[in-house]
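Read through the structure below, which is laid out as structure tokens, and then see the notes.
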Amino acid sequence: MRTFLLGLMALLVAAMPAQAQEARRLVIIDDEGFGLAHAMLLDAADVEVLGITTVTGNVWVNRATAMALKGVERMDRTVPVVPGATYPLVNSEALTERWEALYGKLIWKGAWMKQWVEPTQQSTPPYHHADDPVDLPGGNPTTRPAPEIAANFLLRMVRAHPGQVTIIAMGPLTNLALAQRLDPAFAGLAKELVYMGGSFNPRQAREGVSADQFAREFIHSPRREFNGRFDPEAASIVSRSPWRHITVVPADPATATELTPSLIAKLRAVSPPAVAGWIGDMEPGFPMWDEIAAAVWLDPTIVTGRQSAYVDYNTQFGPGYGDTLSWNEGYQPGLGEQRAEIVRTIDPARMEALMLRLLARPARR
């Protein structure tokens with residue numbers, strides 16, 4: 001009788017919806033491509049990725065969409081990839097070139113990057129136009145993007161799951177700003193926003209870390225960071241939207257991290273063959289900006305230093321265009337700025353251990 005009852009219970013559990021068997025954390029990834037941060041979130045056992053929305057940032061959105069589709073295929077997952085904004089709300093390549101003529105050169109310009117200003121170990125990325133055909137190294141994806149735009153997808157998901165969806169944004173915030181302008185209830189319907197962007201006062205964390213070359217910009221411009229600078233108007237709209245909770249992962253903690261050849265080898269060794277080959281082709285020497293954003297949401301214990309402040313972004317076309325603005329309680333202008341939790345430092349070793357654990361998980365659909 002006991003055996004019969006145990007068997008019956010097992011059948012009932014198997015028949016239950018997945019949500020009832022295990023509480024899954026719902027997330028949408030908003031980014032300009034596909035990287036280790038995406039793989040971490042897709043491999044986390046307690047996470048349900050509702051979709052990946054793409055945006056122009058490091059690359060144009062058509063290339064970012066193809067990269068995301070290819071990444072999802074490589075991981076043998078079924079997750080919608082939804083193309084988003086091609087251009088920032090106001091900023092443009094021509095405006096950025098005019099800004100540089102007036103105020104000096106930017107270190108990184110993403111899709112508008114043609115060459116490094118000074119010698120660097122990182123290769124010069126290929127330059128493309130917004131409508132150039134996409135031909136990814138290693139082959140293009142066989143699947144197609146979802147037949148809607150990112151802003152509409154974001155709105156549809158937060159309405160379908162009110163108060164349950166975390167949005168992790170790791171590129172410019174154009175899609176989120178568009179969704180907020182389409183529906184002022186958008187931010188309040190989400191559970192929380194975690195975004196990689198902004199800069200407060202990054203410092204070189206360790207001697208001999210080659211990724212520290214990215215910190216040289218902060219010596220003279222400690223408040224400038226690419227995602228905020230690429231679309232300052234979007235960053236400002238999102239920062240002044242009524243989210244229930246905001247976590248900002250600025251450039252600051254990234255100066256203690258680097259995607260080294262050693263870490264690439266370790267990640268490759270634990271990953272399934274299709275993923276291992278992709279990891280093996282990664283270029284070392286970059287800070288792990290996006291991986292930190294994914295990691296602090298997956299395991300907040302990696303955070304070793306935080307602060308709370310009201311945050312916005314400078315939208316005046318001058319030398320500080322796109323710079324991060326922040327205030328303590330009572331000092332903010334009162335134009336809708338929201339309180340945010342800011343991650344200032346992390347434990348890099350703990351984060352790398354988390355990455356290894358996640359990528360070593362068996363593939364799941």
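The values are calculated or read from the model by the stated rules, or taken from the named source; none is laboratory data. All of these numbers come straight from a predicted model, not from anything done at the bench. Here the Cβ positions follow ideal geometry from the backbone for every residue, glycine too, while neighbour counts run over all protein chains shown. Quick note on the areas: whole protein, heavy atoms, side chains included, nothing else; ligands and nucleic acids left out. Shrake-Rupley method; radii C 1.70, N 1.55, O 1.52, S 1.80 Å.
Karplus-based coupling profile of the stretch 263-279, in residue order and whole Hz: 5, 4, 4, 5, 5, 5, 5, 9, 8, x, x, 5, 7, 4, x, 5, 5, with θ = phi - 60° in 6.51 cos²θ - 1.76 cosθ + 1.60 and x standing for Gly or Pro.
Under the rule of -39500 (n - 2.57) per DSSP H run of 4 or more residues, summed and divided by the residues of the chain, what mean residue ellipticity at 222 nm is obtained, to the nearest 500 deg cm²/dmol? So the helix-based figure for the chain works out to -10000 deg cm²/dmol.
From most to least packed by mean Cβ count within 10 Å, the peptides 256-264, 171-179, 131-139, 326-334 give 171-179, 256-264, 326-334, 131-139. Taking Gly197, Gly285, Gly84 in turn, the Gaussian network model of the chain (Cα-Cα springs below 10 Å) assigns the largest fluctuation to Gly285.
Taking a ≥ b ≥ c as the square roots of the eigenvalues of the Cα gyration tensor, the stretch 70-155 is oblate, since a/c reaches 1.5 or more and a/b is not larger than b/c.
The alpha-carbon of Lys70 sits under 28 angstrom from the alpha-carbons of these lysines, leaving out residues fewer than 8 places away in its chain: Lys109, Lys114, Lys266. Near Gly33, the amide H atoms lying under 5 Å from its own belong to Val55; only residues 5 or more places off or on other chains count, and H is placed 1.01 Å from N. Helix 61-74 and the longest principal axis of the Cα set of the chain meet at an angle near 30°.
Ellipsoid semi-axes for the stretch 303-365, based on the Cα gyration tensor and the rule √(5λ), read 35, 15, 12 Å when sorted largest first. Convex hull volume of the C-alpha atoms in the chain, normalised per residue: 155 Å³.
With coordinates expressed along the principal axes, the C-alpha atoms belonging to the stretch 67-116 extend over 48, 25, 11 Å, beginning with the largest.
Label-to-label distance, Glu73 versus Asp46, with points set 7 angstrom from Cα along the beta-carbon direction: 3.4 nm.
Can you compute the FRET efficiency between Met113 and Asn140 using 1/(1 + (r/R0)^6), with r the Cβ-Cβ distance and R0 = 25 Å? Round to the nearest 0.05. That pair, Met113 with Asn140, gives E of 0.65. First obtain the Kirkwood hydrodynamic radius of the stretch 137-278 from its Cα pairs, then insert it into the Stokes-Einstein equation at 4 °C and 1.567 mPa s, and state the resulting D in µm² per second as a whole number. It diffuses with D of about 74 µm²/s by this estimate. A straight line joining the Cα centroids of the stretch 158-181 and the stretch 48-98 runs 14 Å.
Surface calculation, 1.4 Å probe, protein heavy atoms: Lys266 sits at approximately 100 Å² accessible.
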